[in-house]
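Notes to accompany the following structure.
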Amino acid sequence: MLYRPGGPDLAALGRLGVARVSTGSLLFRAALGAALHLTDAIGAGRDAGLPAPPGYEEVQALASPSAT
């Protein structure tokens with residue numbers, strides 16, 4: 001099942017019998033949108049209002065073999 005913002009949440013999909021949910025290109029498009037928003041904010045000299053990105057240690061921990 002393809003997840004769509006504004007559509008049924010994961011609990012509702014589970015009640016319908018859905019066992020596997022895909023985000024398709026949503027994560028990529030969300031990251032791209034955030035990058036463009038941040039670029040515009042930096043260019044305009046304003047705060048982007050985005051959450052703080054994960055630190056390098058957190059990213060490394062996510063990429064470590066023990067994280068899977």
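Within the stretch 32-56, the set of residues being aliphatic (A, V, I, L, M) and open to solvent by less than 60 Å² (accessible area, probe 1.4 Å) comprises Ala34, Ala35, Ala41, Ala48.
Counting only residues that are open to solvent by 80 Å² or more (accessible area, probe 1.4 Å) and in a helix (DSSP H, G or I), the stretch 1-31 holds 5 of them. If you go through the stretch 18-68 and keep only what is more than 17 Å from the chain's Cα centre (by Cα) and of a type outside the set (Gly, Ala, Ser), you end up with Val18, Arg20, Thr39, Asp40, Ile42, Arg46, Asp47, Tyr56, Glu57, Gln60, Pro65, Thr68. Listed by first and then second residue, the pairs linking a residue in the stretch 29-52 that is farther than 22 Å from Pro5 by Cα and modelled with pLDDT of 95 or more to a residue that is part of a loop (DSSP other than H, G, I, E, B) and open to solvent by 100 Å² or more (accessible area, probe 1.4 Å), with Cβ atoms under 8 Å apart and 6 or more places separating them unless they lie on different chains, are Ala41/Asp47. Which of (1) modelled with pLDDT of 95 or more; (2) open to solvent by 60 Å² or more (accessible area, probe 1.4 Å) does Val59 not meet, given it meets every other one? Result: Val59 passes all but (1).
The values are calculated or read from the model by the stated rules, or taken from the named source; none is laboratory data. Keep in mind the model is a prediction, meaning the values are calculated, not measured. Glycine also receives a Cβ, built like all others from the backbone with ideal geometry; neighbour counts cover every protein chain displayed. Note: accessible area is taken over every heavy atom of the protein model, side chains too, but ligands, DNA and RNA are not part of it. Shrake-Rupley method; radii C 1.70, N 1.55, O 1.52, S 1.80 Å.
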